[in-house]
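Have a look at the structure below, then the notes.
Each value in this text was obtained by applying a stated rule to the coordinates, not by laboratory testing. Computed from a prediction, not measured in an experiment: that's the story for all the values here. Glycine gets a Cβ as well: all are built from the backbone with ideal geometry, and neighbour counts include every protein chain shown.
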């Protein structure tokens with residue numbers, strides 16, 4: 001049985017999409033008869049402020065960073081919020097621990113794993129973002145290398161970045177990316193044919209994901225707003241829409257451990273104790289979803305929800321398919337569900353329903369193409 005290692009944005013992640021895509025890819029590769037393990041790699045240089053504040057404690061954090069910064073990151077919270085965030089971390093830990101993974105390994109020691117795996121795969125998520133990539137995500141330590149749905153998160157590379165990535169890609173046996181705009185960008189750096197594939201979360205069906213959902217204590221119909229960034233104008237418009245329709249607006253504050261004032265200003269019901277399983281339930285059961293998240297949009301497709309995705313417009317001269325959400329939704333002819341941050345749709349347009357018949361046909365077609373890529377990358381023995 002081949003041993004496969006995955007490098008992705010996994011270590012202690014409090015990122016719903018990141019956790020779920022890691023789960024999906026690990027399970028899917030197992031289906032090809034491999035023993036598949038996520039490599040729990042981390043960098044001691046990369047702790048975010050939330051983790052640093054927790055380690056320092058409130059008093060010392062204020063001395064080091066100042067009261068304003070500490071407040072923004074969420075240390076000065078009331079007890080209910082703190083309890084909810086502690087529960088969220090617990091729920092994430094439980095979910096991540098269900099994914100087969102190595103012991104935590106510092107990236108500087110990643111070469112110690114060189115002989116542990118027959119094949120290593122990097123992806124999905126933004127493992128090839130110039131500000132994120134490292135020896136683990138570029139698979140410099142691995143003997144046989146594959147990428148699955150690697151996301152770049154950039155429209156171009158500097159000469160030094162292009163040279164570094166090109167050199168790393170020389171030893172890859174198969175390369176796939178997640179966004180349309182990344183195909184040519186990466187193809188310019190390698191002779192290996194680049195294939196665009198689905199994010200791992202879309203390799204499984206809605207019925208598969210429904211087995212994982214865990215209900216949340218919500219008693220009334222609701223609209224779900226899952227936003228990573230602030231976007232006060234858009235959030236205010238969504239809040240006013242919900243008020244006009246007399247329907248509850250549910251939000252999740254402190255996404256990815258970052259505090260935004262809109263998290264608590266424009267909401268009827270902020271939920272803190274939400275892990276990946278509860279997050280899936282909130283999307284599945286919402287009357288409508290508003291999101292600025294790639295994976296929020298992907299799971300709306302999975303559960304056939306009426307939704308709106310908001311994404312910043314492209315810079316002048318930049319192709320729209322370099323944007324993550326546009327690249328995803330344009331595959332299904334749903335570009336009209338994307339709005340600019342400051343351009344809220346008219347009331348009649350908001351309630352326009354999505355016809356999911358053609359979406360389902362296209363999703364099945366793309367799912368087969370993506371699984372065929374994995375079958376070629378991880379052929380069964382015998």
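Rounded, prolate or oblate: which fits region 98-237, taking a ≥ b ≥ c as square roots of the Cα gyration tensor eigenvalues, rounded meaning a/c under 1.5, else prolate when a/b beats b/c?
Prolate, because a/c is 1.5 or more and a/b exceeds b/c.
Rounded if a/c is under 1.5, else prolate if a/b is larger than b/c, else oblate: which is region 91-132, with a ≥ b ≥ c the root eigenvalues of its Cα gyration tensor?
It is oblate, given that a/c is not under 1.5 and a/b is not larger than b/c.
Once both labels are modelled 7 Å past Cα along the beta-carbon direction, what's the residue 220-residue 86 spacing in nm?
3.0 nm
So if each residue of separation counts as 0.36 nm, and I subtract the Cα-Cα distance between residue 207 and residue 191, what length gain in nm does that give? Present the calculation step by step, with values, prior to reporting the outcome.
Details: separation 16, 0.36 × 16 = 5.76 nm, distance 3.85 nm.
Difference between extended and current length: 1.9 nm.
Can you tell me the order of 102-110, 132-140, 20-28 when each peptide is scored by its average per-residue count of other Cβ atoms within 10 angstrom, highest first? It would help to have the intermediate numbers written out before the result.
Details: 102-110: 14.1, 132-140: 20.0, 20-28: 23.1.
In descending order of packing, they fall as 20-28, 132-140, 102-110.
If packing is taken as the average number of other Cβ atoms within 10 Å across a peptide's residues, how do 31-40, 81-90 rank, most packed first?
Those peptides, ordered most packed to least, come out 31-40, 81-90.
At R0 = 45 Å, how high is the FRET efficiency between residue 102 and residue 184 if r is their beta carbon distance? Nearest 0.05 is fine.
Once rounded, the FRET efficiency stands at 0.85.
Give the order of 209, 357, 128, 308 when sorted by the count of other beta carbons within 10 angstrom, beginning with the fewest. Mind showing how you got there, number by number?
Numbers: 209 20, 357 8, 128 27, 308 23.
Exposure proxy ranking, most exposed first: 357, 209, 308, 128.
Using a 7 Å offset from the Cα along the Cα-to-Cβ direction at both residue 244 and residue 349, what is the distance between the two label points in nm, to one decimal?
1.3 nm
May I ask you to sort 288, 225, 375, 1 by Cβ crowding, counting other Cβ atoms within 10 Å and putting the fewest first?
Values: 288 22, 225 27, 375 12, 1 9.
Ranking 288, 225, 375, 1 by Cβ neighbours within 10 Å, fewest first, gives 1, 375, 288, 225.
Going by how many other beta carbons lie within 10 Å of each one, how would you line up 231, 11, 295, fewest first?
Listing 231, 11, 295 from fewest to most nearby Cβ atoms yields 11, 231, 295.
On full extension of the chain, what length is gained from residue 35 through residue 261, given 0.36 nm per residue of separation minus the C-alpha to C-alpha distance?
Working it through step by step, the gained length comes to 76.9 nm.
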